[in-house]
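Novice: Got a structure for you, written out below as structure tokens; questions coming shortly.
The values are calculated or read from the model by the stated rules, or taken from the named source; none is laboratory data. A quick note: this is a predicted structure, and the numbers were derived from the prediction, not measured. Positions of Cβ are generated from backbone atoms using ideal geometry, with glycine treated the same way; all protein chains shown enter the neighbour counts.
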Amino acid sequence: MHLQSLYRSIKRVLAPVALIALMLWVPACTEPLTYSGDVDDPYRNFDMLARVVGERYCFFKQKGIDWDGVTEEYRAKVTADMNPVELFGLMSQMLDTLKDGHVNLSAPFATSYYKKWWSDYPQDFNERTLQQYYLKFGGFQKNGMTYCVFLPDTVGYVRIPSFSAQLPPATLDYILAAMKGTKGLIIDIRDNGGGFLTNVPELVGRFITEKTPGGYICHKTGPGPEDFSKPFKIEYKPAKKHIQYLGKPVIVLTNRSCFSAANDFTSVMKSLPDVTILGARTGGGGGMPFNSELPNGWSVRFSSCPINNAQNELTEFGIDPDIEVHCDDIDLAKGKDAILDAALDLFAPNDK
Amino acid sequence: MTILILSVTGTLAQGRHHHRHGCRDYCRTEEQPECFTHRPITSVYGLEIGGANINCNYLSPLPYAGSGVGVYGGWGKRMKQHPENLVMAFTAGLNMTSTKNPSKSAEMMSVSARFGWGPSWLHEFGNGWSMTLGGALDLSGGAFYLPINGNNPVQAMVYAGIDLTAGLAWKTHFWRLPVTLADRASLPTLGAFFCPQFGQSYYEIYLGERSGLAHFGWWGNCFGINNHLTMSLHFRNRKSLVLGYRLYVRNNRANHLTNQYVTNAFTVAIQIN
């Protein structure tokens, strides 16, 4: 009896113990998922930035950058007692060595921004001049775009100053319907700093009749400097269910401030037979960016996926126009937009 | 996110004793002499709330920690071929988490759903002890969402495969109330999971570059477990209150990317036999 009672007691105790032991076994199989250490430590944050960019940035080779050497140089300037503003300044300087407009470091108090891809070049555009002397403060405006028909040559004009919002297909339908009777179309993307890449196929589809190769994209397949995928051909489909603009000349106006998605749009349009790129070389930005972050909460953005043109050539450094034209700042101030004038002139001779 | 197969198979094991009692009572009416072949559906409807940890280096090199909530359900039935030992269960669950980075400056959210279906073999040792062993088809999916990443804000999680399931239950009494203590675990064993390339954007996938996205998963690269410790308090009206603790782990590694998802949650459920 005593033995049976003891057996029952042991069983009652051992049962819960066995179950709890089973529960404890499982956490032992998982890795710790917590961050230990001071999130504001300058060295930790610097090292994280160096590692993230080193593993994921995509243009080191094309730009001839020795990232290990750069990080070594700048790490020597890090001190344990740096305040956040000092650390931010140092990191920003280091990122500027990438010479990439897609690279930003964002802290709560500031965002770094490499400007030399456009600041070292003429602007070739003045919004006031366009609006006052050419559009007469008129034209139709919808979803950030302005459009009108220039008389007497009935040349359609669409200004797309940004791709930062998705261009609604219905709005493009209205605009292209309004251009139905025109002899040609000018698409003015000067100062367009980019935005949604999905606007590119949306727009390009309005100007093609069949599947058209528009470029190549690839990505990092690992953290190593040579770890890249094979280029994937990007094909654009005609927007047959929407209103298209076909069989007539199209001129795209560009300047150095056309960047990223606007650069990509220029690259694709340049490969189309009825399209002429006119103006200045674009600003580049041919790498699709990625985001990451540092332990102190700052975020970093950088080019990660190179997008090349239809000939699989790099577009990071900009697209050359078919016809190079620049605007003189004094002329712009006087109301003369040489790039727009040159585009209008291309249509005018046919009637003369 | 896994499967809760054993929640149900376990509860079937728990409920068997009580079902027999109920069935005997029912037989007294002599309207259902075949009551021992009657195969009722056992249902479980539960809520869970607890902590969550996420490590997704596609979105961030930093681990995120926070909390999560979820609902789950399970429906089980003894199989006609071997009603004494074979049970079939269907389970489903939906979870949401909200987590913060170490500096608390960014929030990562996740939504995930899971479905499972499979049989288990039930064996009773006597003295209130029983165990279940089985397998289950596992389909689970969801996404991590990190809004501060303007260009790569989402990482998707998709898994389809077969889980091994096992459980141990012990029926006892707390005062005069029948109680079952149980621990049940399911382990994703063989399957396939989705993972983009190291630096591949979803835009590229949208454009059509879809090679190398599906990966064969096994314990070496796709470890997970759904471990649920429960205490069921069985009431006379064939309903039970099930209190528990669930550890849910999903890890997968491919293309130099790691997705780790862990929740620790207290669960409360109603079981209807």
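Novice: Show me the strands (runs of 3 or more DSSP E) entirely contained within region B:43-127 in which 2 or more residues are closer than 21 Å to B:Ile270 by Cβ, β-branched (Val, Ile, Thr) and at pLDDT below 95.
Specialist: B:86-100
Novice: Just for region A:83-111: of the residues that are in contact (Cβ under 8 Å) with a residue 24 or more places away in the chain and within 16 Å of A:Gly285 (Cβ to Cβ), which one is surrounded by the fewest Cβ atoms within 10 Å (Cβ to Cβ)?
Specialist: Per the stated criteria, the residue is A:Lys99.
Novice: Separate question: Scan region A:50-69 residue by residue and report those that are closer than 15 Å to B:Asn57 by Cα, at the interface with another protein chain (Cβ under 9 Å from one of its Cβ atoms) and either acidic (Asp, Glu) or buried (at least 16 other Cβ atoms within 10 Å of the Cβ) (or both).
Specialist: Within region A:50-69, A:Val52, A:Glu55, A:Arg56 meet the criteria.
Matching residues to (1) buried (at least 17 other Cβ atoms within 10 Å of the Cβ); (2) under 29 Å from the mean Cα position of the chain (by Cα); (3) assigned to a strand (DSSP E or B); (4) β-branched (Val, Ile, Thr):
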| position | (1), (2), (3), (4) |
| --- | --- |
| B:Thr180 | yes, yes, yes, yes |
| B:Asp183 | yes, yes, yes, no |
| B:Ser186 | yes, yes, yes, no |
| B:Phe193 | yes, yes, yes, no |
| B:Tyr203 | yes, no, no, no |
| B:Tyr206 | no, no, no, no |
| B:Gly212 | no, yes, no, no |
| B:Phe216 | no, yes, yes, no |
| B:Trp219 | no, yes, no, no |
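Novice: Tally up the residues in region A:184-221 that are buried (at least 16 other Cβ atoms within 10 Å of the Cβ) and not in a helix (DSSP H, G or I), please.
Specialist: Within region A:184-221, residues that are buried (at least 16 other Cβ atoms within 10 Å of the Cβ) and not in a helix (DSSP H, G or I) number 24.
Novice: Could you tell me which numbered condition B:Gln260 fails, if it satisfies all but one of (1) more than 11 Å from chain A (Cβ to nearest Cβ); (2) outside any loop (DSSP other than H, G, I, E, B); (3) within 30 Å of A:Ser303 (Cα to Cα)?
Specialist: (1)
Novice: Also, I was wondering about something else. For region A:279-301, check the following and say yes or no: at least one residue is more than 23 Å from A:Gly64 (Cβ to Cβ), more than 14 Å from every other protein chain (Cβ to nearest Cβ) and in contact (Cβ under 8 Å) with a residue 12 or more places away in the chain.
Specialist: Yes: one or more hits.
This table checks each residue for (1) within 10 Å of chain A (Cβ to nearest Cβ); (2) in contact with a helix residue (DSSP H, G or I) (Cβ under 9 Å, 6 or more places away or on another chain); (3) without any contact (Cβ under 8 Å) to a residue 60 or more places away in the chain.
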residue: B:His173; (1), (2), (3): no, no, yes
residue: B:Ala185; (1), (2), (3): yes, yes, no
residue: B:Cys195; (1), (2), (3): no, no, no
residue: B:Gly208; (1), (2), (3): yes, no, yes
residue: B:Asn226; (1), (2), (3): yes, yes, no
residue: B:Lys239; (1), (2), (3): no, no, yes
residue: B:Leu243; (1), (2), (3): no, no, yes
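Novice: Between A:Lys248, A:Lys230, which is surrounded by fewer than 16 Cβ atoms within 10 Å (Cβ to Cβ) and either part of a strand (DSSP E or B) or away from chain B (no Cβ under 14 Å) (or both)?
Specialist: Going through A:Lys248, A:Lys230 in turn, the sole match is A:Lys248.
Novice: Looking at B:Ala185, B:Ala265, can you tell me which residue is on the phi < 0 side of the Ramachandran plot and in contact with a Gly (Cβ under 6 Å, 6 or more places away or on another chain)?
Specialist: Selected residue: B:Ala265, the only one of B:Ala185, B:Ala265 that is on the phi < 0 side of the Ramachandran plot and in contact with a Gly (Cβ under 6 Å, 6 or more places away or on another chain).
Novice: Hey, can you tell me all the residues within region A:272-300 that are outside the structural domain of A:Phe125 (by TED's automatic domain parsing) and of a type in the set (D, E, K, R)?
Specialist: Listed by number, the list holds a single entry, A:Glu293.
Novice: Another one. Of the residues that sit in region B:80-120 and are touching a helix residue (DSSP H, G or I) at 6+ places or on another chain (Cβ under 9 Å) and of a type in the set (A, V, I, L, M, F, W, C), which one is farthest from A:Trp298 (Cα to Cα)?
Specialist: B:Val87
Novice: Now a separate question. Taking region A:149-177 on its own, how many of its residues are of a type in the set (A, V, I, L, M), touching a residue at least 60 places away in the same chain (Cβ under 8 Å) and out of contact with any strand residue (DSSP E or B) (no Cβ under 9 Å at 6 or more places or on another chain)?
Specialist: Number satisfying all stated conditions: 1.
Novice: Okay, next question. Within region A:263-302, take every residue that is surrounded by fewer than 24 Cβ atoms within 10 Å (Cβ to Cβ) and among the hydroxyl-bearing types (Ser, Thr, Tyr) and give me the one that is nearest to A:Gly247 (Cα to Cα).
Specialist: Result: A:Thr276.
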